[in-house]
Structures are given as structure tokens and as C-alpha cells.
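The values are calculated or read from the model by the stated rules, or taken from the named source; none is laboratory data. Keep in mind that this is a model prediction, so the values were computed, not measured. Heads up, the Cβs are rebuilt from the backbone with ideal geometry, glycines too, and the neighbour counts pull from every protein chain shown. For accessibility, only protein heavy atoms count, side chains too; no ligands or nucleic acids. Shrake-Rupley method; radii C 1.70, N 1.55, O 1.52, S 1.80 Å.
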Amino acid sequence: MVRNIVVFGGSSHPQLTQTICDHLGIPPAKILLAKFAVGETRIEVAESVRGKDVFIIQSGGGKVNDHLMELLITISACRTASAKRVTAVLPLFPYSRQSDIPYNKTGAPLAKAPGQRSRTGTYTFDSRPQTPLPGGPESAGLSNGTHTLHHQLGRVKLDEQRNGGSAPASPRSNGNFEHQPPRRSETMESDKSEKSGSSNTNGVVNGVNGTQSKAVTKPPQFQGQPGYKQWVAQAGTLIADLLTCAGADHVITMDLHDPQYQGFFDIPVDNLYGRHLLRKYVQYQIPNHQQAVIVSPDAGGAKRATAIADALGMPFALIHKERRPTQINDRQNATMMLVGDVADRTAILIDDLADTSNTITRAAKLLKKEGATKVYALVTHGILSGDAIERINASALDKVVVTNSVDQADHLRRCPKLEVLEVGNVFAEAIRRVHHGESISVLFDYN
Ligand SMILES: O=P(O)(O)OC[C@H]1O[C@@H](O)[C@H](O)[C@@H]1O
């Protein structure tokens with residue numbers, strides 16, 4: 001039993017809080033988690049935290065924004081109630097996929113404005129916004145791609161003509177854009193002149209009483225320039241700032257989507273590894289694992305997957321997500337291509353998280369097509385939002401193994417292919433070591 005420590009659990013995962021407290025030999029501290037009718041979060045810390053080492057357990061997933069707000073308010077409450085230190089324990093760190101480039105399920109920045117598709121045609125993640133260069137695009141050597149500035153402008157003009165409008169901007173001879181001067185229809189004359197006056201060609205209005213007043217010119221409408229992306233939020237820094245601003249002194253988490261996200265914080269962040277659990281599962285639960293092959297479903301996860309393959313001396317394969325328009329042949333599944341050999345082997349997909357499960361189910365389809373006899377997906381964070389469970393049930397996946405960094409009770413009921421690994425003991429040990437000021441590097445030792 002550890003002393004002078006207080007562990008609170010948010011509403012995201014009460015069962016994990018209980019498991020952690022059981023390992024620590026203390027009961028979860030009393031806290032009232034409620035809501036006003038309007039939906040605002042209301043917190044009451046129901047026991048003293050003065051001079052105590054406080055740990056607050058709250059995971060991402062589910063109602064992620066509510067959980068985050070609940071965590072921030074609880075941190076703040078403990079801080080103002082004179083806690084000695086406040087540690088936020090986030091088994092799945094919310095918003096960690098938005099630490100750098102904005103995320104959507106195709107991996108592309110969320111940069112398309114509604115209706116922009118028709119203007120930019122086959123604009124893809126790999127297409128760079130083309131910076132206009134002096135001397136025109138051709139002379140600047142931009143004409144070798146299919147998405148040259150002129151090509152895009154041509155499309156814009158064509159679309160505008162079809163729609164009966166005019167192009168939002170016209171290229172000058174040097175390839176730059178300029179605002180078109182406001183047309184007559186865009187000028188708004190003063191009420192008085194509208195009612196009783198007339199305007200001359202200089203935009204000067206003659207009033208009834210012979211006085212002259214200037215026409216009020218409507219400011220030109222803002223028009224995004226073709227080839228430039230809309231501004232998109234990068235929430236990672238904001239979330240880091242919110243946690244520290246609320247009063248967190250320390251963060252404990254697991255398998256951050258981007259490990260470099262730790263650098264966004266100016267407080268210590270312990271990023272525990274879920275891969276130990278995944279590796280042990282491969283080693284002890286998958287028959288003839290030495291003949292199996294570890295597969296990363298994308299290049300971003302290759303390091304994570306090769307760590308397991310190397311530790312167990314297993315072969316490795318990679319699925320390359322092709323984001324550019326490409327020729328589809330036998331070795332491609334629409335936009336996925338396998339690099340490596342899985343024929344007549346068990347394939348084991350390793351990933352940090354499954355949200356919609358689109359990635360792992362599509363990867364499984366490709367692997368079976370490439371001759372894999374069985375496909376496992378081993379994933380640290382089983383978020384499994386929306387119809388992810390139905391997708392898994394209908395997929396070529398034989399088994400999906402996740403940790404309980406996110407509550408899996410409902411998922412387990414609905415998915416016969418699902419198996420859950422316990423992370424409560426890992427977090428309990430990290431909390432114990434942090435509390436006693438012991439090194440936690442042993443939790444990072446891989447072999
Ligand atoms: O396809 P879903 O399950 O929605 O998203 C999971 C994927 O999105 C990535 O960020 C993860 O690393 C994983 O590869």
C-alpha cells in the first residue's frame with residue numbers, strides 16, 4: 001500500500017481506475033462527476049488533497065471532449081485545493097493524432113473547402129500548393145506536372161463559365177494574382193442616392209439637392225486563391241498548454257501516436273510502451289509465431305512493428321499506402337500495396353490504434369489476397385468508434401487484440417474476434433515509481 005497518494009478516476013474508464021487502485025492497494029478517491037442540464041461539466045473533489053501526490057486517470061476515446069474537459073477541471077480543482085503534485089494519467093492521449101499535421105482518415109490535411117473539389121480536380125495530399133513564380137509557371141519549369149498553376153486556373157475558369165460566374169482571380173502575365181476591381185454590381189450606393197440620385201462614371205452620386213457624395217464601395221469579397229490551403233487547426237500544442245495551464249505537473253501516457261508529441265510539453269511526459277504486451281502476445285499466444293510475419297499497415301508505424309519483429313527474430317512486411325492516383329495492378333488493393341511476402345504464413349498487423357478500423361480491415365483484405373493463411377491485428381488502443389466493430393466482424397481479420405487503455409466492455413460483447421490485454425498493472429507500476437521517485441526506465445526496457 002502506498003501512502004500520501006490520491007488517485008481519482010474520470011468517467012472515461014472506471015474499471016481501469018479500479019484495477020490500478022487494486023494494484024496500488026488503495027481505494028479510488030471520492031469525486032463527484034456531474035453535469036448541469038445545459039451540458040457543462042461539474043466537479044466536486046470530495047476528499048482532501050492538501051499536500052498529497054495526486055494522480056487523475058482519464059482516457060481518450062468515447063466522449064473525448066467531455067472527458068478532456070472533466071480532466072482539466074479536476075486538475076484545476078486539485079491544484080487549487082493545495083495538492084503537492086498533480087499527474088494526469090492518460091492511457092490513450094486525446095488529440096494525439098493532431099499533434100502535427102491535421103488528421104483525417106485518408107491521412108490528408110483537412111484543407112478542402114466545400115465545393116473546392118470541382119476547382120482543383122484530382123488535387124491530392126502529394127500535390128503541393130504551387131507558389132506563383134516570377135516569369136510564369138512554364139518558364140519556372142512548373143509545366144511538367146499535371147497540376148500546374150495554369151492547368152488549375154484553366155479549370156477554375158472553366159468551372160466558373162459553366163456556372164455562369166466569373167473566375168475569382170485572373171493570372172497576370174507574371175503568374176501572380178490580383179484582385180479584380182469591384183464591378184458595378186458590387187458597389188453599393190448610399191441609401192439616399194439609391195432612392196433619388198444618379199451616379200456618373202466616376203462613381204460620384206448626384207443627390208436631389210445638387211450636392212455630391214461619394215458612392216460607398218462594398219469591399220471586395222474574400223476569395224481564396226487557387227492552390228492555397230485553408231488554415232487548419234493543429235490542436236496538439238493547445239492540448240499540451242491546456243493541461244499545464246490547468247495545473248498538471250506531469251503526464252503519464254502510453255504509445256503516443258507521434259512520440260515526438262512529448263516535445264510539445266514543458267512538463268515531464270512518460271510515454272509507456274504497449275508493445276511489450278503485444279510482443280508477449282505474439283510470443284506466447286500465436287502458434288508457430290516464428291513462421292509468421294509482422295506487418296505494419298503503413299510507413300508511419302514501421303518502427304513500432306519492426307521493434308517487435310526484431311525482438312522476436314521474425315520477418316517483416318510493410319503496407320505502403322499510395323495516396324497519389326496510381327495504376328492499379330494485381331499487387332495493389334486500390335490504394336494499398338504490400339512490400340514483402342506473406343504467402344502461406346500467418347500475418348500479424350501491428351498498429352498504435354484502431355479508430356474506424358478501416359486501416360486494419362483493408363490491410364487484412366490485402367494480406368489474405370496475398371496468400372496469408374491467417375490475419376491478426378494487434379493494436380494498443382482499440383478506440384473502435386462508430387461501426388468499427390461491425391466492420392471487423394465482417395472483415396478478413398481472424399483476431400483483433402487490443403489493450404484496455406480504452407474501455408472495452410461494450411466492444412467485447414459485440415465482437416467475438418476481440419481479445420483484450422490488461423494495462424492496469426503497467427500504469428499502477430508507473431504511478432508507484434513516480435510517487436516514490438524511482439526510475440521508470442525499467443518499464444521501457446524492451447527485451
Ligand atoms: O483506420 P482507422 O482505424 O480509422 O485509424 C487508424 C489508423 O490511423 C492512424 O493514425 C493510426 O496509426 C492507424 O494506422
Exercise. Keeping to region 404-433, report how many residues are under 30 Å from Asn4 (Cα atoms) and open to solvent by 40 Å² or more (accessible area, probe 1.4 Å).
Key: 6
Quiz item: Taking the stated definitions as given, is Arg324 more than 16 Å from the ligand (Cβ to nearest atom), at pLDDT below 95 and within 25 Å of Arg97 (Cα to Cα)?
Solution: yes
Quiz item: Can you tell me which residue in region 248-265 is farthest from Leu378 (Cα to Cα), limited to those that are touching a residue at least 24 places away in the same chain (Cβ under 8 Å) and open to solvent by 10 Å² or more (accessible area, probe 1.4 Å)?
Solution: Asp249
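Quick one: which of Val293, Val269 is within 22 Å of the chain's Cα centre (by Cα) and modelled with pLDDT of 95 or more?
Values: Val293 fails: within 22 Å of the chain's Cα centre (by Cα).
Only one candidate passes the filter, namely Val269.
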Quiz item: Of all the residues that make up region 278-300, how many are within 16 Å of the ligand (Cβ to nearest atom), open to solvent by 10 Å² or more (accessible area, probe 1.4 Å) and either outside the structural domain of Asp341 (by the TED database) or in contact (Cβ under 8 Å) with a residue 24 or more places away in the chain (or both)?
Solution: 1
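Just checking, which of Leu353, Leu397, Leu366 is crowded, with 16+ Cβ neighbours inside 10 Å, assigned to a loop (DSSP other than H, G, I, E, B), among the hydrophobic types (A, V, I, L, M, F, W, C) and within 15 Å of the ligand (Cβ to nearest atom)? Break it down into steps so the answer makes sense when it comes.
Numbers: Leu353 fails: assigned to a loop (DSSP other than H, G, I, E, B); Leu366 fails: assigned to a loop (DSSP other than H, G, I, E, B).
Sole residue among the options that is crowded, with 16+ Cβ neighbours inside 10 Å, assigned to a loop (DSSP other than H, G, I, E, B), among the hydrophobic types (A, V, I, L, M, F, W, C) and within 15 Å of the ligand (Cβ to nearest atom): Leu397.
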Quiz item: What is the residue count in region 369-391 for residues that are more than 10 Å from the ligand (Cβ to nearest atom) and either open to solvent by 40 Å² or more (accessible area, probe 1.4 Å) or outside any strand (DSSP E or B) (or both)?
Solution: 9
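Sort through Val434, Val420 and tell me the only one that's in a strand (DSSP E or B) and farther than 22 Å from Thr335 by Cα.
On the way: Val434 fails: in a strand (DSSP E or B).
Answer to the check: Val420.
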